[in-house]
Amino acid sequence: MTSMLELYRTFAQIGCVTFGGGYAMLPILERELVDKRHWTTLDDLRDYFSVGQCTPGVIALNVSTFIGDKMGGVKGALVAMLGFLTGPLTIITVIAAFLRSFAQYPVVQHAFAGIRVCVCVLILQAVLRLWKKSVVDGAALGIFLAVFALNAFSSLLPVKVPAALLVILAGCVGIFLSLRRAKQAKGGKKP
């Protein structure tokens, strides 16, 4: 059984490098929680990410809460969540106190520009890893292309399609396709 102190310490360390949000965190969470500590599987981590995207709040914070719950119930969820929040809240408080004084300096502006580039790379890496496990057949590719088109070109449509609706519709299509495949398999037909 994982101790609450270890749970807190792990998520406090992860929270201190939360630059870029949830997608950028996927490689870090994978390394720390799947590869190093074996607290979850890669498939479960991806499921937590999927659910974390559909629930209010920061994806990585939601994932930390799910992992904490898995490791120690409600107490573990609270400990992991508090651990995750410790670093960012401290860092944000310090930055907020000094940002107005230093934001206009070119060195600070260049540092933020460098951080943005790094975050783009981390997000791209997370997208590629999710792609490998998520788009596994023609049906998944079809769902991807439909959601991508609706999201990317929604400004051309008369009404913007909300992201939450896209998630719900994709989930419904996934359920429908799964039920159809199960029915075809039961009937002896090829899916």
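Fewest Cβ neighbours within 10 Å first, please rank Trp39, Trp131 accordingly.
Ascending number of Cβ neighbours within 10 Å: Trp131, Trp39.
Using the Karplus relation 6.51 cos²θ - 1.76 cosθ + 1.60 with θ = phi - 60°, the per-residue 3J(HN,Hα) values for the stretch 169-176 come to 5, 4, x, 5, 4, x, 5, 4 Hz, with x marking Gly and Pro. When the chain is described by a simple charge dipole with +1 on each Lys and Arg Cβ and -1 on each Asp and Glu Cβ, the residue from Cys172, Ala24, Pro106 located farthest towards its positive end is Cys172.
A straight line joining the Cα centroids of the stretch 49-85 and the stretch 89-157 runs 20 Å. Taking square-rooted eigenvalues a ≥ b ≥ c of the alpha carbon gyration tensor, is the chain rounded, prolate or oblate, where a/c under 1.5 means rounded and, failing that, a/b exceeding b/c means prolate? It comes out oblate by the Cα gyration axes. At q = 0.11 Å⁻¹, what base-10 log of I(q)/I(0) does the Debye formula yield for the stretch 4-104 when every alpha carbon is treated as an equal point scatterer in vacuo? For the stretch 4-104, the Cα-only Debye profile gives -0.32. Would you mind checking Lys36/Lys132; Lys160/Lys183; Lys133/Lys186; Lys133/Lys160 for any pair whose Cα atoms are more than 24 angstrom apart? Long pairs (Cα-Cα over 24 Å): Lys160/Lys183; Lys133/Lys186; Lys133/Lys160. Net charge dipole, the chain: roughly 620 debye, given to the nearest 20, about the Cα centre with Cβ charges of +1 for Lys and Arg and -1 for Asp and Glu. Taking the C-alpha atoms only, the angle from helix 138-152 to the longest principal axis of the chain is near 50 degrees. Under the criterion of Cα pairs below 8 Å and six or more residues apart, the relative contact order for the stretch 4-104 equals 36 percent.
Every number here is computed from the coordinates shown, using simple stated rules; none is lab data. Bear in mind the structure is a predicted one, so any value in this text is a computation, not a measurement. Note: ideal-geometry Cβ built from the backbone for every residue, glycine included; neighbour counts use all protein chains shown.
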